[in-house]
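Asks: The structure is given below, and queries will be raised subsequently.
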Amino acid sequence: MLLKWLVSILIVVALLGGLQPLLTRYLRLGQLPGDLRFTREGRTYHLPFTSTIVLSLLAWLILRWL
């Protein structure tokens, strides 16, 4: 049972990672107000607080509906 959950989570993470450029371009995920992006010593750091909350609420609604 646990193995099925781990495989499912791995597949979802891989799909979202592959679709990340499209999600950023069309849905503006990662560019919402409250998402922080800053550069320090030549490195860019990205903290998507608002996008995480929006995706969590969306997942909660979908699971609640099922």
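The values are calculated or read from the model by the stated rules, or taken from the named source; none is laboratory data. Being a predicted model, the structure only gives us computed values, none of them experimental. Virtual Cβ from ideal backbone geometry, glycine too; neighbours counted across all protein chains shown. To get the accessible areas, we keep the full protein, side chains included, count just its heavy atoms, and leave off ligands, DNA and RNA. Shrake-Rupley method; radii C 1.70, N 1.55, O 1.52, S 1.80 Å.
Asks: Taking the residues in the range 25-46 that are more than 18 Å from LEU57 (Cα to Cα) and of a type outside the set (D, E, K, R) as candidates, determine which candidate is nearest to the chain's Cα centre (by Cα).
Replies: Step by step, filter the range 25-46, then rank; the result is HIS46.
Asks: Identify, please: which residue in the range 2-51 is among the β-branched types (Val, Ile, Thr) and modelled with pLDDT of 85 or more and is, among those, surrounded by the most Cβ atoms within 10 Å (Cβ to Cβ)?
Replies: Here the residue is THR50.
Asks: Within the set of pairs 6+ apart or on separate chains, which have a first residue in the range 31-59 that is over 19 Å from GLY17 (Cβ atoms) and part of a strand (DSSP E or B), a second that is open to solvent by 90 Å² or more (accessible area, probe 1.4 Å) and among the aromatic types (Phe, Trp, Tyr), and C-beta atoms under 7 Å apart?
Replies: As it stands, the answer is LEU36/PHE49; PHE38/TYR45, since those pairs meet every condition given.
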